[in-house]
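A.B. asks: Take this structure first; my questions come after.
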Amino acid sequence: MMVAKQSCEESRGNKVEVNKKRMEALNLPLLSQALKSSSSPKPSSTKQAKPRVVLKQLVVVRNSTHFANKRVAVNRVAIPRRIFGRQRELSNRVYASPEAQAEAQEKAEKLELGLEPVYPTFTKSILRPHVTGGFWLGLPIQFCFRNLPKRNAVMTLIDEDGDEYPTIYLVHKIGLTGGWKGFAVAHHLVVGDAVVFQLIRPTTFKVYIIRVKGCEEGN
């Protein structure tokens, strides 16, 4: 029995030795080690994107009643006016007699008749509202309907020296406003003077002035 047991163990040991040699010949131990190392989890080589951090800055907004109630002064653009000679205070003026005013009107009408008929004309006798207060000059209605623009426009007045004065024509009020005061003051117009308007272009008047006699300033 002892001999059989020893021979069996020797035979088993020989098989183990033979198998070991075969494995070494096939490099099985190295392959086994490589499989173990490959099966173990490795950290990912790709870098994980870092989360973006958005920084928010809080701004304190103050409602100031100081600025809300503060008034800001705005400088107006002053348009220089051409004034020739000394301005006259028309409120202290002694007006010419009706006879002198009628004479000036008659002369103006004669002058109007001598102008070229191709251009529309009209004569205006200067009254107190034309040269005091608001300086408003109303125009003949029919003349405006037939000859002047159908909307507000800038009408240029050209005096006998060739100087030009822009004025504002208001169609709904049928008269001249802004700029008329500058023309009236520059030419020293007074109550009783007669003015002939000749429309030489759609928005341009040639103006002739007939002075009234016997009109002096009061003391």
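The values are calculated or read from the model by the stated rules, or taken from the named source; none is laboratory data. This structure is a prediction, so every number in the text was calculated from the model and none was measured. Reconstructed Cβ throughout: ideal geometry from the backbone, glycine too, with neighbour counts over all protein chains shown. Accessible surface is based on the protein model in full, side chains and every heavy atom, while ligands, DNA and RNA are left aside. Shrake-Rupley method; radii C 1.70, N 1.55, O 1.52, S 1.80 Å.
A.B. asks: I'd like the full set of residues that are touching a residue at least 24 places away in the same chain (Cβ under 8 Å) and open to solvent by 90 Å² or more (accessible area, probe 1.4 Å), limited to the range 142-172.
C.D. replies: Answer for the range 142-172, where residues must be touching a residue at least 24 places away in the same chain (Cβ under 8 Å) and open to solvent by 90 Å² or more (accessible area, probe 1.4 Å): Arg146, Glu160.
A.B. asks: While we're looking at this one, here's another question. Among the listed residues Gly179, Gly138, Gly134, which satisfies the condition of being of a type in the set (Gly, Ala, Ser) and touching a Ser or Thr at 6+ places or on another chain (Cβ under 6 Å)?
C.D. replies: Testing whether each residue is of a type in the set (Gly, Ala, Ser) and touching a Ser or Thr at 6+ places or on another chain (Cβ under 6 Å) leaves just Gly179.
A.B. asks: If you don't mind, another one. Please go through the range 177-205 and give me each residue that is of a type in the set (A, V, I, L, M) and either surrounded by fewer than 17 Cβ atoms within 10 Å (Cβ to Cβ) or under 13 Å from Pro120 (Cβ atoms) (or both), ordered by number.
C.D. replies: The answer is Val196, Leu199, Ile200.
A.B. asks: Related question: Can you pull out the helices (runs of 4 or more DSSP H) entirely within the range 105-190 that have at least 2 residues that are in contact with a Phe, Trp or Tyr (Cβ under 9 Å, 6 or more places away or on another chain) and under 22 Å from Arg211 (Cα atoms)?
C.D. replies: In the range 105-190, 128-131, 180-186 are the helices (runs of 4 or more DSSP H) which contain 2 or more residues that are in contact with a Phe, Trp or Tyr (Cβ under 9 Å, 6 or more places away or on another chain) and under 22 Å from Arg211 (Cα atoms).
A.B. asks: In addition: Name the one entry in Lys150, Lys124, Lys181, Lys213 that is under 33 Å from the mean Cα position of the chain (by Cα) and closer than 28 Å to Ala100 by Cβ.
C.D. replies: Every option except Lys181 fails the conditions.
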